[in-house]
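Here the structure is laid out as structure tokens; the discussion comes afterwards.
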Ligand SMILES: Nc1ncnc2c1ncn2[C@@H]1O[C@H](COP(=O)(O)OP(=O)(O)O)[C@@H](O)[C@H]1O
Ligand SMILES: [Mg+2]
């Protein structure tokens with residue numbers, strides 16, 4: 001008679017498989033679902049903490065190998081699914097179907113904050129996450145232009161409806177403001193406007209709400225953090241020293257507001273000449289990574305200066321949507337994965353990487 005694997009043996013085997021980023025085993029992390037044993041055939045579903053998990057392939061492999069070690073197993077069928085970890089304060093305080101709110105900030109304007117926010121949002125959606133983007137930049141609400149949307153659908157149930165494009169939900173101050181109106185807004189008005197963009201909108205469920213913040217540090221971050229629970233903040237910088245010193249202030253502001261820093265992104269880090277393939281480091285190189293090290297915050301990655309990024313922004317056709325196979329789109333996807341991993345780690349109290357600076 002042949003040996004039959006049992007559920008206990010399969011679970012014991014999966015107890016040896018580590019989640020490479022969360023540094024705990026899959027059973028402890030409660031990621032194992034639906035073990036099915038049919039003679040020598042074993043099926044299992046692994047519930048990841050994000051569909052943008054950067055090490056999906058490794059986890060799938062490790063699971064298969066571990067189960068194959070169990071006596072009597074002949075064939076393994078691994079299914080990967082994802083249930084994004086939630087920042088429960090958002091539903092708790094605002095009853096919104098939003099799991100995480102991620103603020104994208106920058107010390108200065110013009111460093112590519114909106115470009116990064118838009119391309120990150122679409123990248124996360126392309127990997128299977130439910131994504132919203134909220135353009136809170138009253139001084140230059142250009143998310144609509146970068147996405148090629150001009151208005152929202154009509155309201156229903158006395159609430160606004162987000163626009164939908166490239167698989168994401170979009171709400172922008174630009175849908176509501178006339179040009180030139182913005183600069184008049186101050187303190188309390190800004191707070192209530194930002195809050196309303198969350199609460200007076202019919203959001204469909206969102207795993208990651210990406211918020212494109214007004215430029216500058218301090219005030220804007222304060223307004224947002226006082227309006228809604230912020231899961232974490234990201235700072236975008238270019239490599240020059242001046243940009244970096246502003247970025248440092250942005251990180252410090254998040255720290256003072258007790259908003260976990262998910263990382264720094266270095267934009268316009270290098271340029272590859274399309275004709276020669278030569279690489280130029282126009283604004284210097286590596287400054288943001290050094291700053292991240294000094295400050296003890298994650299470095300999420302660097303993005304090239306790429307003419308197609310600018311053109312895509314101007315035309316409302318983001319590079320990750322129209323040229324998903326380009327190296328630049330790949331760089332955005334890797335950033336999105338690292339960001340998603342950082343969000344997952346926040347919800348793991350024992351994870352050693354959790355850094356709230
Ligand atoms: N990596 C990049 N490569 C080429 N152009 C970029 C890149 N990032 C941003 N840009 C361009 O720089 C300008 C400023 O970017 P934007 O995202 O509006 O900055 P911010 O929101 O920080 O003010 C835009 O014209 C945008 O298309
Ligand atoms: Mg902007």
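Couple of notes before you dig in:
- Expressed as a fraction of 2.2 N^0.38 Å, the value expected for a compact globular protein of N residues, the C-alpha radius of gyration of segment 204-298 is 1.24.
- For segment 7-82, the convex hull drawn through the C-alpha positions has a volume of 72 cubic angstrom per residue.
- Alpha-carbon centroid distance for the pair segment 220-254 / segment 128-148, whole angstrom: 17 Å
- On Cα atoms only, tilt of 187-199 relative to the major axis of the chain in degrees: 40 degrees
- Spatially, segment 298-345 and segment 36-52 are offset by 31 Å when compared through their Cα centroids.
- Among 288, 82, 66, the residue with the largest mean-square fluctuation in a Gaussian network model of the chain, with springs joining Cα atoms closer than 10 Å, is 66.
- GNM remark for the chain: springs join alpha carbons under 10 Å apart, and the peak mean-square fluctuation among 223, 192, 123 falls on 192.
- The chain, relative contact order in percent, only Cα pairs under 8 angstrom and at least six apart counted: 18 percent
- Calculated over the chain: convex hull of Cα atoms, volume per residue (Å³): 152 Å³
- The chain: angle of helix 113-126 to the longest principal axis, Cα-based, in degrees nearest 10: 30 degrees
- Value of relative contact order over segment 7-82, rounded to a whole percent, pairs C-alpha under 8 Å and six or more apart: 34 percent
- Candidates 112, 286, 43: whichever shows maximal mean-square fluctuation once the chain is modelled as a Gaussian network with Cα springs under 10 Å: 43
- Shown is the FRET efficiency for residue 77 and residue 195, computed with R0 = 35 Å from the Cβ-Cβ distance and rounded to the nearest 0.05: 0.15.
Read the figures in this text as sums done on the coordinates, not as results from a lab. Because the structure is a prediction, the values reported are computed rather than measured. For neighbour counting, all protein chains shown are included, and Cβ atoms are generated from backbone atoms with ideal geometry for every residue, glycine included.
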